[in-house]
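Here is the structure we will look at, set down as structure tokens.
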Amino acid sequence: MLDYREFCGKIGFDRDAVNADAMRVFDFFCQPEVIHSMIVFSEVGLPAFSGIAKELEQNFADAPLFPLQKLPNRQIVGKMAKFVLEHFGYEPIPKSMKKNTKLREFSQARLFGQSAIYTKTGQGQLRISMTIQYPRLTKDIHS
């Protein structure tokens, strides 16, 4: 499963394992739509943050306990993305295959200048399953 404390232990971020704002950023990365967006952009050869940077920055740029204005926090955010995507069988592309990891203008990112591009390397422990739900259409039998 995707567990913030496991993430903190894995990267040596233990001192901030109770940082509420960092936990909220981690929870952002655990949302199916965020994971899906990072995977889709990576699959087409673009940086994973291309579709999420704007929302990520809007929500957390000035978080009091984990401001994304600080470079070390942005680097930890990159590690969060890597941790989450590993659970779905994705890893950053090898350095020998490095592509342009610079975020394009359409991402509207202000703080993040680049992001890793991921590739499917294994089955992964987790999967995203998407469904479409249509609202029930009921007829008013009295009209």
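To the nearest ten degrees, helix 20-29 and the longest principal axis of the Cα atoms of the chain are 60 degrees apart. Residues whose amide H lies under 5 Å from that of Ala63, counting only those 5 or more places away or on a different chain, are Leu68; hydrogens are built 1.01 Å from N in the peptide plane. Here's how it looks for Thr119: its modeled amide H is under 5 Å from those of Glu91, Ile93, which are all 5 or more places away or on a different chain. For the chain, the dipole from Cβ point charges (+1 on Lys and Arg, -1 on Asp and Glu) about the Cα centre works out to 440 debye, to the nearest 20.
On the principal axes of its alpha carbon atoms, the chain extends 64, 37, 33 Å, with the longest extent given first. Close amide H pairs (under 5 Å, H built 1.01 Å from N) link Leu103 with Gln114, Ser115, residues at least 5 positions away or on another chain. The residues of the stretch 1-78 present an accessible area of 50 Å² per residue when probed at 1.4 Å with all protein chains retained.
For the chain, what is the mean residue ellipticity at 222 nm derived from helices alone (per DSSP H run of n ≥ 4: -39500 (n - 2.57); sum divided by total residues; nearest 500 deg cm²/dmol)? Write out the running numbers ahead of the final one.
Numbers: 5 runs with 54 residues, N = 143.
Value at 222 nm, helices only: -11500 deg cm²/dmol.
The local environment of Ala22, defined by Cβ-Cβ distances under 13 Å, has a net charge of +2 under the rule Lys, Arg +1 and Asp, Glu -1.
How many percent of the accessible area of the stretch 1-124 is carbon or sulfur, using a 1.4 Å probe?
On the way: 3410 of 6640 Å².
The value for the stretch 1-124 is 51 percent carbon and sulfur by accessible area.
The values are calculated or read from the model by the stated rules, or taken from the named source; none is laboratory data. Worth saying up front: this structure is predicted, and the values here are computed from it rather than measured. Cβ: placed from backbone, ideal geometry, glycine included. Neighbour counts: every protein chain shown. When the accessible area is computed, the model is the full protein with side chains, heavy atoms only, and any ligands, DNA or RNA have been set aside. Shrake-Rupley method; radii C 1.70, N 1.55, O 1.52, S 1.80 Å.
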